[in-house]
Structure formats: structure tokens, C-alpha cells
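In what follows, a structure is listed as C-alpha cells, so that the remarks can point back to it.
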Amino acid sequence: MEKCKRLLVIFYVMAKIGLFTFGGGWSIIAQMQNEFADRRGWLTQEQVVDYMSLAKSFPGVMIINMSVFCGYAMGGVAGGVVAATGLSAPALAAIAAVTYCYSSLRDNLLVEKVLNGVRSVVVPIIVSACLKLEKTALKGKASWVILAVVFGICIFTGINKLLIVTAALIAGLILWKGEIPDDVS
């Protein structure tokens with residue numbers, strides 16, 4: 001009974017976080033830390049940091065990965081499933097509602113103007129995120145060379161992105177010649 005109660009709390013807290021926290025993964029992690037480490041003591045601060053590092057390292061959406069790690073630590077496999085479901089349920093419901101209504105609204109002049117406004121901010125948001133990533137992602141001249149080459153390939157060719165990522169991985173291994181960057185060791 002206690003485990004079921006804990007799973008319900010995990011789902012409720014994650015759904016609340018998913019519904020009311022804006023600002024992306026980092027603000028969600030802060031809320032998870034507050035709710036599960038600070039407030040309830042179900043996780044330690046060290047676990048939150050470790051899971052955050054792991055979540056960033058795995059493929060997929062970082063915050064969903066984070067929710068699975070934290071949920072698993074608090075409630076086993078069921079906790080991981082409940083945490084990921086709770087966190088993503090509000091977004092999935094909102095997306096489903098918008099998708100359902102989109103075909104009837106897309107020809108609406110007001111909706112068209114709103115979407116044009118939203119589209120106009122997407123590029124600066126992506127560029128801003130890239131500029132923030134640049135500080136941690138580009139370490140040394142080899143990184144900049146790979147960036148320039150891959151940027152050109154992406155703009156001027158239709159080569160599969162998975163192939164590009166694989167080639168960049170190999171290029172990184174070759175260009176660094178076995179040297180380990182300072183922040184990895």
C-alpha cells in the first residue's frame with residue numbers, strides 16, 4: 001500500500017511539474033530537486049546531479065531520461081514509468097488537443113497571425129541555445145573544424161544526419177589523436 005501511495009505521489013508531482021514548469025529541462029530539474037530531494041528526502045542531492053549527468057549522456061529527451069532515473073530510484077521500474085508518464089502527460093494532452101483542433105483553426109486569420117508570431121521567435125531561440133552550447137560543446141580547434149564542415153554538409157547536402165553524427169564522432173577521435181580534453185578526465 002505504501003508503494004502505491006508513493007507511486008501516486010510521484011505521478012502527481014511529475015504531472016504538476018510537467019503542467020506548470022516552463023523554461024525547459026533545467027527548470028524542471030530544479031523543481032524535481034526541490035520536490036524529491038529537498039522537500040521529501042526521497043533522493044539525495046548527489047543522486048540528482050548524477051542522474052542529470054546520465055540523462056544528458058543518453059539518447060532521447062534529457063528531461064524524460066532524468067524523470068526515469070529519478071522515478072526508478074524512488075520506486076523501481078514502476079516509479080520510472082510513472083515519473084516519465086506523469087511528466088509527459090500534460091504536454092501530450094496539450095499537443096493532442098492542438099492537433100485535433102488544428103485543421104479547423106489553421107485557416108483562421110487570427111490563428112495564422114499567432115502562428116507567424118510564434119514562428120518568428122523559433123530561430124532566435126535556437127540560435128540562443130546554440131550560443132550557450134558553444135561554451136561547453138566546442139573544445140579546441142578540432143571542434144571548430146568539425147562544426148564548420150558539418151554545418152556546410154547540413155546546408156548544402158541531403159546526407160542522412162545519423163551518418164553525419166557518426167562521421168563527426170570518427171573525425172573527433174582522429175583529430176584529437178588520443179588526447180583527452182581537460183574536462184573529461
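For the set Cys101, Cys70, solvent exposure ranked by accessible area (probe 1.4 Å, protein chains only) runs largest to smallest as Cys101, Cys70.
Projected over every direction and averaged, the convex hull enclosing the alpha-carbon atoms of the chain yields 14.4 nm².
By the helix-only formula, in which each DSSP H run with n ≥ 4 contributes -39500 (n - 2.57) and the sum is divided by residues, the chain has a 222 nm mean residue ellipticity of -27000 deg cm²/dmol.
Could you sort the peptides 139-149, 109-119 by per-residue average Cβ neighbour count (10 Å cutoff), highest mean leading? Please report the intermediate quantities before stating the final value.
Values: 139-149: 13.6, 109-119: 10.3.
Final packing ranking: 139-149, 109-119.
The values are calculated or read from the model by the stated rules, or taken from the named source; none is laboratory data. Here the structure is a predicted model, which means the values were calculated and not measured. No Cβ is skipped: glycine too gets one built from the backbone with ideal geometry, and neighbour counts run over all protein chains shown. Note: areas computed on protein heavy atoms with side chains; ligands, DNA, RNA excluded. Shrake-Rupley method; radii C 1.70, N 1.55, O 1.52, S 1.80 Å.
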